Every structure is written in structure tokens, then in C-alpha cells.
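The values are calculated or read from the model by the stated rules, or taken from the named source; none is laboratory data. Not measured: the values here are computed from a predicted model. With ideal geometry, Cβ positions are generated from the backbone for all residues, glycine too; neighbour counts draw on all protein chains shown. Heavy atoms of the whole protein, side chains included, go into the accessibility calculation; ligands, DNA and RNA do not. Shrake-Rupley method; radii C 1.70, N 1.55, O 1.52, S 1.80 Å.
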Amino acid sequence: MAGQRVNVNVGVLGHIDSGKTALARALSTTASTAAFDKQPQSRERGITLDLGFSCFSVPLPARLRSALPAPHLAPDAGPEPREPQLQFTLVDCPGHASLIRTIIGGAQIIDLMMLVIDVTKGMQTQSAECLVIGQIACQKLVVVLNKIDLLAEGKRQAAIDKMTKKMQKTLESTKFRGAPIIPVAAKPGGPEAPETEAPQGISELIELLTFQISIPTRDPSGSFLMSVDHCFSIKGQGTVMTGTILSGSISLGDSVEIPALKVVKKVKSMQMFHMPVTTAMQGDRLGICVTQFDPKLLERGLVCAPESLHIIHAALISVEKIPYFRGPLQTKAKFHITVGHETVMGRLMFFSPAPDSFDHEPVLDAFDFSREYLFQEQYLCKDLAPAATDSGQTNEKAGQAPDGHCPRQQWALVEFEKPVTCPQLCLVIGSRLDADIHANMCRLAFHGVLLHGLQDKNYAESLLPRLRVYKLKHKHGLVERVIDDYNVIGRSLFKKETNIQLFVGLKVYLSTGELGVIDSAFGQSGKFKVHIPGGLSPESKKILMPSLKKRSRAGQGEVAERKEGVEQPEPAHHVTLSLSFKRYVFDTHKRMVQSP
Ligand SMILES: Nc1nc2c(ncn2[C@@H]2O[C@H](COP(=O)(O)OP(=O)(O)OP(=O)(O)O)[C@@H](O)[C@H]2O)c(=O)[nH]1
Ligand SMILES: [Mg+2]
């Protein structure tokens, strides 16, 4: 196995200025082309503006060697054959709140997340957001308490212990409960300190990372897809695109497509950290060289196997609310939607399973068009923000699940303001990036999986009618009088101007139990005739007849009755009519459908 190595990607995430870049620098031996704030703007502002990549290697631990199937090992074309290596590619993410799109992109290509915390500050707003992103996109976490040199020497250990306990408590309610927490000083003395000042705790951190990492399942099958983060030209060679392979594999001579530009190019040469390679696969960090391609056309984006990605205008996604997000997720609301590696505005429509399938097992790899779904004004959840529950009666409208029972899966239709290019089943994150970044609140609202992309621009006509999302409508009226044993006149169910003709043939239930069918309009004031195929029961007639007599005896009609409330018939004497039907949201004919 001499001369082979395996790559893992480790993200460096955290609040601005926590020392992520300093940590990546301290950890790295080999800097890749885009590490350490190389951009001139980045240097000027002293903040990281883009993902930075760098790497370091350690001998591959024995426990990983045995677990490693042969295809995971990329040949090492270095001059001297060495022990098999474990290569850590560090993905240094920006910390500034405005760059969260980039952070989300970075989080999706990593196998482990290092959350860098400034030990003198503790959890800050973006540390919390990174923790949320980590829970959605990453499997493993290591918390790094940085800048321990700033703690007074005599109290250093006590302060580290205190912050460690605090962080343990924070992690308690996350999927990273019990994750390791380690103190370091990536750049002791801060920016002015001489380069000779040695970082502290770095070898312990490398040891911890090596112990913590497990080799993620890499799958060379599937379509080739790579997230490109930098593109530049090399004189006499061509254009190099560097990035991380998200799925599939690639070999020299293969064709790749840049879907955003609809260009196909042949792979002329490939490199992994300055070493030429002939093949690479999922998880690898790679530079691909192609010819006759202007690097200015692509700064960041996806490269894929020809014709494997599609442009979509809308999508059906599975949705899960992020509990830290305050406020409801409302139908018709707009969110920033990160789909795969792109972020665009999108408008949402939420829907749940039909009530009888609330307990169905969630399905996260397909959307079932054969099922019926219930429209929701907003995402249903148990933990409702108080503002939304002022009125108990409008619970369902306000997003509270009926009797607190939540479906196990909910969905949304997202309509993008601009088409996006993405693979099937990619991660979707919805956020409110326009929220005040100083407001100390979580801007990430929900996450999910893209289950079905709508490629047709005219999806509203071509595809949506297949989406059987319905609203359940209920209307209530009263029996006004009996015509005969099989027919009654109803009122107060429709407005005067309603076209009752549309409702003819629909079933209504009398509160006395009989089934009726709307037969025709009656007069001009929204009254209607109801036919009762089974006839009125004797009890119903008893209820209906005296109350009607009483009414006609009043002589002066309803006006008189209303004035003298006491004389109104007992509510028990009212026989109500109830009409329920489904209306499918995307049915162009607006049909009203009743269950048989
Ligand atoms: N005293 C001290 N200062 C540090 C340490 N690590 C980083 N710094 C300083 O903290 C500041 C921020 O460091 P960076 O590494 O740029 O922080 P960052 O998290 O990458 O910042 P962004 O990428 O802009 O979010 C710089 O002035 C560093 O010199 C440390 O261990 N001790
Ligand atoms: Mg930085």
C-alpha cells in the first residue's frame, strides 16, 4: 500500500474573527492555490471572503487501513513512495454573516466540522448558525476553543474548563452531544506577534482529528458532479477548475459539462494537491485542466457529466423546520433558498399528508404523486410562537397541528425567482438572509431534500395539476322548512350572489343524521332545495315541524324574532346542514370533490 493516500474534508467554521484562518494556517503544511485569504480584497479587509483550501497529511492510522476498500486510495504520484497517508483537506469558511451562502456551500462538502470558538467570547450568533448548519449537513463535530493565550495565565485552566462545560451544555440538545472540545491558540499574541511564536495545542488537535475521523463511504458510481470554487488559467496549459467531487468519479479524457454555460470540455489533465492523477472520485479535492475555456466565465459553480444536471424552475421538497428559527413558516412567504450550491429567492406553499397518513414513515428519496396531500397555510408544528396562537379557533390556520399531533413529514412546493441548476435529492436550506445580522437570531428557517425538480418552465400547466394538494372546505347552513318527507328548503349556506348551480348534486348532512343532495336554487336569496333520498325520520319531522309553526305564528317573520331574542326557537330546534368538499389547489376547473 506504499505511496497511497486517502482524502477527508474538514470544515473550519465559526463566528467572524474567531481565528479560523489562523487555525487552518497553523494546521496546514501544504497550501493549495486558494488558501489563507489570498484574494487582495480579503487581505485588505482582514476577513475571509471565500472558501480557502489547504491540506496536511498524517500516516494513515492502522484502524482505517483495514477498513479501507481499495478504490478509496488514490495513487500518490510523488517522487518517493511513502507510507499510506491520511490527507486532511481543510475548508476554511468565512465567518461574516453576509457570507452564509458560502458557508452552507462549504458545509456540504465536508466530512467533519471544526467549530472554532473564541474562548474569550463563547458562543456567538454565527457560531450558533454554524452549529445549525453542521447538524443539517455534517456527521461529526470537534469544537476548538481558540485564543487561549488571551486568558490570564493563572486562571487559564479554570476559564477553559468553564467554557468547556458551557459548550457541553450547548451541544447537549444537538446531535453532537458529547463531541470533543479542545483548547488551542492558533496565533498566540494576535496579528502583531512574530511568526516565530509557536501555536499551542495544534499537535493535540491533529491527534484528535485523526482519532475522530472515519472514512466516509465514497461511491465512485453515479454521475460525476463537482463543486468548483476557483477557476484560473495557466499559460501554455489551459484553464484549471478546482473543487470537490460531490458524486461519481472521473478519469483523464472524460468529457465534462459546465451546465450553467452549456459547454462540454475534455479533461486534459488532473491534479490533486499538485500531484498529477489519472482518476479521482467522490470526496476528492481536484483540479481539472481543460483547453479553450475562458476562466472569467466561471467563478464558482457545478461541473458534471454531460447532460446529468437539469435546470429547474420549481421543486417539491421535504421540509423540516429549524427549531431555533423564530416565527412561522407561512405559505406564500418568500425565503432565500439554497439548493445544492446555489441560493435564490423562492416562494413556498406548504402541505402535509392527508390526516389519515400523518403517521406515515418519511420518504426522503422520492415524491409520491399518487397520494393526496392537505394544503397548509403554514408549516405545522407543536412549538408554536405565542403570537400565532391568540385565537384557539384558528389553530389550524396558525400552523398548530390539530390536537398537537404533527405529521411525521411535511412538504413544500418552492417556486424559484430564477431557475437553478442542481442534482436530484440535493440539500435545501431556507433562510431569511435579509434579517438584521445584528439581531442575534437564527436566520436559518428550514431544511429539506429536493425530491422532485420541475424542469418545464410551464410547470404550472404541465405538472402542477398532477399534484393533488387539496383544501378541505366546510360550509354550514340551516334547514328553513320542510316541503315534504323527501325535500326541505335550506338557507344560510350560500351568499346571495353565489351560483348555486355549481353545488347541485353535492351531498349535505342534516344534523339529525339524514343525507341530502342539493337539488336546485330556491328563489333569489341564496336559498336552495335539498332532496333527502331516504326521507326525513319521524324524529326529525318532530323537531322541524313545531319550530316552524312557532316561527310562522310569530307572523312578523325573522325581524320580529331577532328583536325579541327570547322568542327565538331553541338552538336544539335548529337542524343544521353541513357541506364538506375538497378543492384541489391546482385544479384549473376548481372542481368540488366529495368522498364517495
Ligand atoms: N491572541 C490571539 N489572536 C488570534 C489567535 N488566532 C487568531 N487570532 C487573531 O484573531 C484575528 C482573526 O483571525 P482570523 O484567523 O482572520 O479569523 P477568522 O475566523 O478566519 O475570521 P473571518 O474569516 O473573517 O471570519 C486575527 O487578528 C488573528 O491574528 C490566537 O490564538 N490568539
Ligand atoms: Mg478567516
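Observations on the model:
- Here the 3J(HN,Hα) profile of segment 308-318, calculated from phi with Karplus coefficients 6.51, -1.76 and 1.60 at θ = phi - 60°, is 9, 10, 10, 8, 10, 9, 7, 8, 9, 10, 8 Hz, Gly and Pro shown as x.
- Local net charge near residue 142, Cβ-Cβ under 12 Å (Lys/Arg +1, Asp/Glu -1): -2
- Here the simple spin-label model places points 7 Å from the Cα toward Cβ, and for residue 211 and residue 364 these points are separated by 2.9 nm.
- Residues whose placed amide H lies under 5 Å from that of residue 493, excluding near-sequence neighbours: 478
- Under 5 Å, built H, 5+ apart or other chain: amide partners of residue 85: 4, 5, 6, 60
- Förster radius 41 Å - calculated FRET efficiency between residue 484 and residue 371, Cβ distance, rounded to 0.05: 0.40
- The alpha carbon gyration tensor of segment 462-504 gives principal lengths a ≥ b ≥ c with a/c of 1.5 or higher and a/b greater than b/c, which makes the shape prolate.
- Percentage relative contact order, segment 107-186, counting C-alpha pairs under 8 Å, at least six apart: 35
- Protein heavy-atom surface of segment 225-304, 1.4 angstrom probe: 54% of the accessible area is carbon and sulfur, with nucleic acids and ligands not counted.
- Relative contact order of segment 225-304, taken over Cα pairs closer than 8 Å and 6 or more residues apart, is 42 percent.
- Highest to lowest packing among 176-187, 161-172, scored as the average C-beta count within 10 Å: 176-187, 161-172
- Nearby lysines by direct alpha-carbon distance to residue 121 (threshold 26 angstrom, same-chain neighbours under 8 apart not counted): 20, 140, 147, 155, 162, 165, 166, 169, 175, 187
- Shape category assigned to segment 225-304 from the gyration tensor of Cα positions, a/c cut at 1.5: rounded
- Each peptide among 451-461, 107-117 gets the average number of other Cβ atoms lying within 10 Å of its residues, and from highest to lowest they stand as 107-117, 451-461.
- The relative contact order of segment 134-181 comes to 52 percent, based on Cα pairs under 8 Å that sit 6 or more residues apart.
- Accessible area (Å², per residue) of segment 225-304, counting only protein heavy atoms and a probe of 1.4 Å: 43
- FRET efficiency for the pair residue 476 and residue 587, taken as 1/(1 + (r/R0)^6) with r the Cβ-Cβ distance and R0 = 22 Å, rounds to 0.40.
- FRET efficiency estimate (nearest 0.05) - Cβ-Cβ, residue 496 to residue 580, R0 22 angstrom: 0.50
- Straight-line reach from residue 457: taking Cα to Cα under 24 Å and skipping same-chain neighbours fewer than 8 places apart, the lysines in range are 262, 332, 334, 418, 590.
- Global form of segment 265-361, assessed from the alpha-carbon gyration tensor, a/c cut-off 1.5: prolate
- Protection proxy ranking of 121-131, 475-485, by the mean of other Cβ atoms within 10 Å over each peptide's residues and highest first, is 121-131, 475-485.
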